[in-house]
Amino acid sequence: MLIHLDAHIAVADKPAGLLCVPGRGPDKADCLAARVAARWPGAKPVHRLDMGTSGLVVFGRHAAVHRALSMAFAERQVAKRYEAVVAGLPAADAGEIDLPLICDWPNRPRQIVDHGIGKPSQTRWRVIAREPATGTTRLALEPITGRSHQLRVHLASIGHPILGDDLYAPPDWLAAAPRLLLHAVALQLPPVQWPPVQWPAAAPAAVPGDNSAGPWQFSCPAPF
């Protein structure tokens, strides 16, 4: 599960089917955040993946780096790449989806395209391989924005739902895979800085004395 560990961050490979953070109720207490924090106290996730999505998740090991990396994600300074297997054979080799998204409140957690009040959302995609025998395509995906379910809704909206998607794929394509075939394969994090921190005398040895870290680059191949 662990991809990288240093004094500032931990990077884990989240399996599909595991929550990133706890949900409501004791039956949803088990999650990646709890497992990582149990082994490395103080580590908190900087971003999230959907429960069905597998792949790279970054944790800040102290509050200063967590805050700095959270800001880097918010300001779109982090390069993210995913892989997915989708229904159909796109005619083009690459493209960009620009469709505004908003929560479908009566049917949450579903998201929908709404050109009136949706938030701007963009996704770049590129064909990795077409499989005419199965009528499927493996895509590389680069989310420019980071809306909830963005990749899943965008691909379904252009007629290429992700296999195994229990919210957006038609029944035949939902049944075509045992899980959501979406994986966070690569992350590139910028160097970050934070104001000097006066650590208490009892601070753990893992907390460094400087106030900068990075850059980092990680990859984790798709398990499908």
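List of remarks:
- Identity of the residue in the stretch 51-66, of a type in the set (A, V, I, L, M, F, W, C) and open to solvent by 30 Å² or more (accessible area, probe 1.4 Å), that ends up nearest to Ala169 (Cα to Cα): Met51
- Across the stretch 19-50, the number of residues qualifying as among the aliphatic types (A, V, I, L, M) and open to solvent by 60 Å² or more (accessible area, probe 1.4 Å) comes to 1.
- Among the residues making up the stretch 85-94, those that are out of contact with any helix residue (DSSP H, G or I) (no Cβ under 7 Å at 6 or more places or on another chain) and either aliphatic (A, V, I, L, M) or surrounded by 15 or more Cβ atoms within 10 Å (Cβ to Cβ) (or both) are Val85, Gly88, Leu89, Pro90, Ala91, Ala92, Ala94.
- Ala16 being touching a Ser or Thr at 6+ places or on another chain (Cβ under 8 Å), touching a residue at least 24 places away in the same chain (Cβ under 8 Å) and either surrounded by fewer than 20 Cβ atoms within 10 Å (Cβ to Cβ) or not in a strand (DSSP E or B) (or both): yes
- Selection over the stretch 95-115 of residues that are part of a loop (DSSP other than H, G, I, E, B), in contact with a strand residue (DSSP E or B) (Cβ under 6 Å, 6 or more places away or on another chain) and open to solvent by 50 Å² or more (accessible area, probe 1.4 Å) gives a count of 0.
The rows are residues; the columns are (1) modelled with pLDDT of 95 or more; (2) over 26 Å from Asp104 (Cβ atoms); (3) in a strand (DSSP E or B); (4) not small (Gly, Ala, Ser).
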site: Ile117; (1), (2), (3), (4): yes, no, no, yes
site: Arg124; (1), (2), (3), (4): yes, no, yes, yes
site: Leu139; (1), (2), (3), (4): yes, no, yes, yes
site: Leu187; (1), (2), (3), (4): yes, yes, yes, yes
site: Ala203; (1), (2), (3), (4): no, yes, no, no
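The values are calculated or read from the model by the stated rules, or taken from the named source; none is laboratory data. Everything numeric here is computed off the predicted structure, so don't read it as measured data. For neighbour counting, all protein chains shown are included, and Cβ atoms are generated from backbone atoms with ideal geometry for every residue, glycine included. Each accessible area value is taken on the protein alone, full model and side chains, heavy atoms only, with ligands, DNA and RNA left out. Shrake-Rupley method; radii C 1.70, N 1.55, O 1.52, S 1.80 Å.
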